[in-house]
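Take a look at the structure set out below.
The values are calculated or read from the model by the stated rules, or taken from the named source; none is laboratory data. Because the structure is predicted, anything quoted here is derived from the model rather than measured. Backbone-built Cβ (ideal geometry, glycine too); neighbour counts: all protein chains shown.
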């Protein structure tokens with residue numbers, strides 16, 4: 001493999017790791033193996049620390065393909081707790097309101113999910129990396145400051161109910177780049193006449209890359225340590 005000329009690695013990001021944590025681990029493995037001080041390493045598509053799954057890591061000149069790679073359709077499996085909301089729409093923050101779920105049936109959920117198919121508008125979460133006057137929204141939100149984000153147009157291609165109880169549902173989502181599954185959980189909860197927040201999220205596909213073909217971070221680091229290395233090609 002020729003990591004300086006450019007390689008693409010597909011990894012399964014662990015729970016609790018930031019996307020940068022994964023990049024940093026593999027960059028360290030590369031600098032040690034190649035005996036260089038610096039090498040370009042980037043990822044195509046951020047995953048929150050509380051999410052796991054497909055992450056595409058690019059090295060060297062392959063980092064020029066990041067925009068192309070992260071534009072691919074994404075697939076997620078998400079678990080939503082019903083009847084409660086949090087400010088971050090996931091488990092990063094504590095529950096701030098509770099609602100009745102007695103009226104929620106499988107049929108109501110299935111009918112409600114249909115309303116989110118196709119081209120929709122979505123307001124990103126306050127706890128997101130979106131910028132407001134150059135400042136990340138999550139920095140404002142964590143400091144108790146007001147956050148006003150504009151709706152973004154996105155596409156939900158598939159939204160399948162995988163499991164149901166009045167307190168929790170699991171869905172499979174196929175969507176366009178830029179979709180916040182946490183915000184989708186918020187909106188589904190509101191549409192059900194209750195509340196909801198994300199309790200688990202796994203990205204199972206990015207474009208043609210599926211989770212079954214991904215390495216763990218440890219496996220990727222071991223590959224870097226042991227694989228035959230090619231020298232960069234002259235331009």
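Descriptive notes on the structure:
- Test: residue in segment 151-168 that is out of contact with any helix residue (DSSP H, G or I) (no Cβ under 7 Å at 6 or more places or on another chain), in contact (Cβ under 8 Å) with a residue 24 or more places away in the chain, surrounded by 16 or more Cβ atoms within 10 Å (Cβ to Cβ) and more than 22 Å from residue 45 (Cβ to Cβ): yes
- Restricting attention to segment 70-85, the residues that are outside any strand (DSSP E or B) and touching a helix residue (DSSP H, G or I) at 6+ places or on another chain (Cβ under 9 Å) total 1.
- Test result for residue 29, within 19 Å of residue 224 (Cβ to Cβ), at pLDDT 95 or above, in a helix (DSSP H, G or I) and in contact with a helix residue (DSSP H, G or I) (Cβ under 6 Å, 6 or more places away or on another chain): yes
- Any hit, segment 213-231, residues being under 21 Å from residue 48 (Cα atoms), outside the structural domain of residue 87 (by TED's automatic domain parsing), in contact with a strand residue (DSSP E or B) (Cβ under 6 Å, 6 or more places away or on another chain) and part of a strand (DSSP E or B): yes
- The set of residues in segment 133-149 that are under 21 Å from the mean Cα position of the chain (by Cα) and either modelled with pLDDT under 75 or in a strand (DSSP E or B) (or both) comprises 135, 136, 138.
- Residue in segment 14-23 that is in a helix (DSSP H, G or I) and surrounded by fewer than 16 Cβ atoms within 10 Å (Cβ to Cβ) present: yes
- When the residues of segment 176-202 are filtered to those that are touching a residue at least 60 places away in the same chain (Cβ under 8 Å) and farther than 24 Å from residue 84 by Cβ, the one that is nearest to the chain's Cα centre (by Cα) is 177.
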